[in-house]
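We did not get these values from a lab; they are worked out from the coordinates using the rules stated. Fair warning: this is a prediction, and the values are worked out from it, not measured in the lab. Cβ coordinates were reconstructed from backbone atoms using ideal geometry, including for glycine residues, and neighbour counts include every protein chain displayed.
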Amino acid sequence: MPKYAVPDPVRHIDDDERRARLARRHGLAPQHRYDDPEAATRAMTVLHATEPPSPYLSLFARVHDVTLNEIDKLLYDDRALVKQLAMRRTMFVFPRDLLPAAWGSISARVAQQERRNVLKDVAASGLSDDAEAWLAAARAAVLARLADGDALTALQLREEVAELQAKFTMGEGKKWGGTFSFGPRILSALGAEALIVRGNNTGHWRLSRHEWTLTEHWLGEPAAPLSVEEGYAELVRHWLWTFGPGTEADLVWWLGSTKTAVRQALADIGAVPVSLDGGLAGWVLPDDLDPVPAVEPWAALVPVLDPTTMGWRNREFYLDPAHTPYLFDTAGNAGTTAWWHGRIVGCWVHDDDGVVKVLLREDLGAEAKAAFDVEAARLTEWLDGVKVSTIYNSVLMKQARLP
């Protein structure tokens, strides 16, 4: 088989222009914020939703005068934004019309992985001599319980569906090991397959206490999943508008897929090669070659696992590698981040009174300090005393909370 070769680049896009694209398209520069949360979500392709508060805080950073009610309306009344397990087995908020692309490609891949893991654990636990039959019965029991249009929390389903109460042990002798319920695993697999969906949240916006319901009840008759190739092509098309230029390695990492799938998608959408600083080869959409003007200096505060922070594998154009151990954990998960003119320069936390404060890794001068003071006051007012917890406390976040 011939070695894969990247065509000659059409133009060079330097790091300054990449940061200008980020400021404008991601709505992080205050002068380029969006007017409504649905538009901001579409601009980002998807929002990270591993932690329930993150979509709200990501939208606050990008939308003029957005309210919690506006975001909730899109999630739970209009259902224009929908939570879906997808790339890298991560929870995201999707614009509704992008769901079929995920269902046919990366969510289907995740569902297959989930199914294999459940079958392995059923067999290892000795729960059944026929893991396939046991899993089929468990799936059927959940779907039957929700068939009449009911919406139930995971706890309610576990109380009513015996199979969800079964347990397995993993990671024996390890810090993270223990005995776990099959319930979340089975529900997650059904969700990845788009058979069920996370509906209304019965708790506070910063908590995850959603109800599960059949996808057809939540969305009406849902659109059919795209084919694998069409799904990847559509996701890559959206990603390139949001994050382009990006490298093949960026896309493979972001999708949690393979080089083969990424290369096929780039070819299917006619992506154009460009050269990047540092000798990297990048890609953009064929109609996205015009230079992007610079943006006036700006400050932004974004939450843990924000889509901008987590958008690329190669982060040198917006993150000094010396800052990484202070802002990311060893698994690559980002805590809160403070951005100055297209670069991550620190983090933010709030104190016991809910007052947001910023901790920087470097002295940026009076202009940056004044801009961060404005953003901290804006976020403090919006949170209105609500304190948001996270399991992704970076080293710098912990330092910022010290007296």
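In this rough spin-label picture, where each label sits 7 Å from Cα along the Cβ direction, the Glu159-Thr67 distance is 3.4 nm. Taking each DSSP H run with n ≥ 4 as -39500 (n - 2.57) and averaging over every residue of the chain yields -11500 deg cm²/dmol at 222 nm.
Rounded to the nearest 20 debye, the dipole size of the chain about its Cα centre is 1020 debye, using +1 on the Cβ of Lys and Arg and -1 on the Cβ of Asp and Glu.
Here Lys83, Lys357 are placed in order of increasing Cβ neighbour count within 10 Å, fewest first, which gives Lys357, Lys83. For segment 106-219, the square roots a ≥ b ≥ c of the C-alpha gyration tensor eigenvalues yield an a/c of 1.5 or more together with a/b exceeding b/c, which makes the shape prolate. Estimated at 0.36 nm per residue, the fully extended path between Ala331 and Arg313 surpasses their Cα-Cα distance by 5.2 nm.
Shown for Glu296, Glu234, Glu160: other C-beta atoms within 10 Å of each C-beta, ranked fewest to most, produce the order Glu296, Glu160, Glu234. Put a dot 7 Å past the Cα of Arg263, heading toward its Cβ, do the same for Val386, and the two dots end up 4.6 nm apart. From the list (i) 46, 21, 20; (ii) 35, 27, 21; (iii) 32, 26, 26, can you say which value of semi-axes √(5λ) of the Cα gyration tensor in Å was derived from the structure given? Read-out from the structure maps to (ii).
What separates the Cα centres of segment 323-339 and segment 70-131 is a distance of 26 Å.
When the chain is treated as a GNM, springs tying every alpha-carbon pair under 10 Å, which of Glu248, Glu375, Glu132 comes out with the largest mean-square fluctuation? It is Glu132.
Give the calculated FRET efficiency between Leu195 and Asp373 to the nearest 0.05, with a Förster radius of 41 Å applied to their Cβ-Cβ distance. Let's see the in-between values first.
On the way: r = 48 Å, r/R0 = 1.18.
Efficiency, rounded to the nearest 0.05: 0.25.
Here the spin labels are modelled as points 7 Å beyond Cα on the Cα-Cβ line, and at Glu230 and Ala147 they lie 3.0 nm apart. Taking other C-beta atoms within 10 angstrom as a stand-in for reagent exposure, Arg109, Arg145, Arg11 fall in the order Arg11, Arg145, Arg109, fewest first. Does segment 227-290 come out rounded, prolate or oblate, given a ≥ b ≥ c as the square roots of the eigenvalues of its C-alpha gyration tensor, rounded meaning a/c under 1.5 and, failing that, prolate meaning a/b above b/c? Verdict is oblate for segment 227-290.
Which FRET efficiency, nearest 0.05, do Ala136 and Arg89 yield, Cβ-Cβ r, R0 22 Å?
Working: r = 22 Å, r/R0 = 1.01.
The formula returns an efficiency of 0.50 here.
Between the beta carbons of Lys398 and Arg24, assuming R0 = 35 Å, the FRET efficiency works out to 0.60 to the nearest 0.05.
Return the whole-Å distance between the Cα centroid of segment 219-261 and the Cα centroid of segment 340-401. After rounding, the separation between the Cα centres reads 32 Å.
What shape does segment 186-311 have by the C-alpha gyration tensor, where a ≥ b ≥ c are the square roots of the eigenvalues, rounded means a/c under 1.5, and otherwise prolate means a/b greater than b/c and oblate the rest? It is oblate, given that a/c is not under 1.5 and a/b is not larger than b/c.
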